[in-house]
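K.L.:
This is the structure I want to talk about, given as structure tokens.
The numbers here are math on the coordinates, done by the rules we state, and not lab data. Quick caveat, the model's predicted, so the values are computed rather than measured. Because the Cβ atoms are built from the backbone with ideal geometry, glycine has one as well, and the counts that use them run over all protein chains shown.
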Amino acid sequence: MGSPPSTLPTVGTNLTDLTLKKKKVTFMVDSANIAQISSSCIQLLSVLAAEPLSNASVLILFNKRDMPCIMSLVEIKSLFRMDDIIASATQPITILEVSARSGEGLQEVWNWLESITVK
């Protein structure tokens, strides 16, 4: 994949639209900012409830996994109540851990993007 792209700091939650093979993909990117977890969860629920996205594939990226003193994926998923959200969502949801700075996890993101654009 080459070197990771230049990055901008994530503050709380970022919604980023990408267009790949004429399909629009929306990312929710969250980080190690524990104070923003509840706000990010509310934003996620709003995105999932939006009618235009009722059948969209959803990728949730937990970014900044290279930071010291981060919560484990299990802890983050628990705070987000991801099991409940996934069980009640109409969309297929995938969760990945990434570090935009180091490039860790970006290949898995690329693989996911390719898999949904083929459909």
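K.L.:
Testing the spin-label approximation: label points 7 Å from Cα along Cα→Cβ at Trp112 and Ile93. State their distance in nm.
P.N.:
Each label point lies 7 Å from its Cα, and together they span 1.2 nm.
K.L.:
Under 1.5 on a/c is rounded, so check that first for the range 30-116, then, if it is not, pick prolate when a/b is larger than b/c and oblate when it is not; a ≥ b ≥ c are the square roots of the alpha carbon gyration tensor eigenvalues. Intermediate values should be presented prior to the final figure.
P.N.:
Details: a/c = 2.10, a/b = 1.21, b/c = 1.73.
Since a/c reaches 1.5 but b/c is at least a/b, the shape of the range 30-116 is classed as oblate.
K.L.:
On to the next question. At a Förster radius of 22 Å, what calculated FRET efficiency corresponds to the Cβ-Cβ distance of Ala35 and Asp84, to the nearest 0.05?
P.N.:
Efficiency, from the Cβ-Cβ distance: 0.50.
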